Every structure is written in C-alpha cells, then in structure tokens.
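Just so it is clear, none of the values below were taken in a lab; they were calculated from the coordinates. This one's a predicted model, so the numbers in the text were calculated from it and none came from an experiment. Ideal geometry is used to build each Cβ from the backbone, glycine not excepted, and the neighbour counts take in all protein chains shown.
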Amino acid sequence: MYSLKVQGTFSSAHNLRGYKGKCEDLHGHNWIVEIVIQSAQLDKIGMVLDFKYLKRKLNAALEQMDHKYLNKLDFFKKVNPTSENIAKHIFKKLKPSIPLLSSVTVWENSTSCATYEE
C-alpha cells in the first residue's frame with residue numbers, strides 16, 4: 001500500500017458554541033491541514049497521484065476558509081467549527097475529486113490535531 005501526504009495552511013477565526021471555557025470566545029488559529037491518499041496501485045509512470053494536483057485541490061478547499069470567521073460560513077452555521085468538524089468538512093469537499101483520499105488531519109496548533117477518515 002502506498003500513502004501520499006500533502007499539507008496546506010489557512011488562517012481563520014472561530015468560537016465554539018456550547019463550550020465552557022476560553023474557546024467559547026472568538027479566537028483564531030493558523031491551521032495546518034494534512035491529507036493522506038492511499039492506493040495499492042501505481043499508474044504507468046510509477047505514481048499514485050501527482051503532488052501538484054493534490055496541492056491544488058487542497059489549497060482550493062482551504063482558500064474558502066482562509067481569513068474567514070468560520071461560524072459565519074454556511075456549513076458551520078449548523079455545525080460547530082471544531083477541529084473534528086473542520087477535518088470532516090474538508091474531507092467531504094475533497095473526496096469527489098480525490099477518490100483515493102484516506103484521511104484529513106487538521107492541526108490547530110503544534111500539539112493538537114483531529115483526524116477524519118471513513
């Protein structure tokens with residue numbers, strides 16, 4: 001099995017509804033997002049997918065959240081913008097154009113992350 005990983009970043013603000021503590025207040029993060037693609041097969045030139053393609057798709061998804069207040073985006077009006085839900089949201093956006101997508105990990109700082117996989 002082959003695994004490919006690419007990373008992207010975005011900056012945004014959010015607050016966690018229903019949370020008791022500092023995170024209920026408006027605050028921001030410089031998020032790091034890692035996607036993992038897995039395949040048992042390589043194409044005719046020995047690749048799973050082109051890193052450039054993966055980065056372009058990831059960056060397009062992240063651009064929609066960059067320098068935004070996540071709570072005001074349509075998806076997060078109904079769903080709390082936790083790291084877990086951000087990872088799931090990015091996964092669902094990318095899966096149609098990257099069928100081999102295995103997981104999305106969202107880092108809100110250097111020591112805390114959430115991963116979503118199906």
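General remarks:
- Counting only residues at least eight positions apart within a chain, or on another chain, the lysines with an alpha carbon under 25 Å from that of Lys88 are Lys5, Lys20, Lys22, Lys52, Lys55, Lys57, Lys68, Lys72, Lys77, Lys78.
- Against the chain, whose longest principal axis comes from its Cα atoms, helix 83-94 is set at around 40 degrees.
- Helical content alone sets the calculated 222 nm signal of the chain at -7500 deg cm²/dmol, taking -39,500 (n - 2.57) per DSSP H segment of four or more residues and averaging over every residue.
- Coarse-grained scattering of the range 2-117 at q = 0.12, 0.19, 0.23 Å⁻¹, given as base-10 log I(q)/I(0) from a Debye sum over alpha-carbon atoms: -0.43, -0.96, -1.32
- Between the C-alpha center of the range 86-114 and that of the range 30-79 there is a gap of 7 Å.
- With the simple model of a label 7 Å out from the Cα in the direction of the Cβ, Lys95 to Arg56 spans 2.4 nm.
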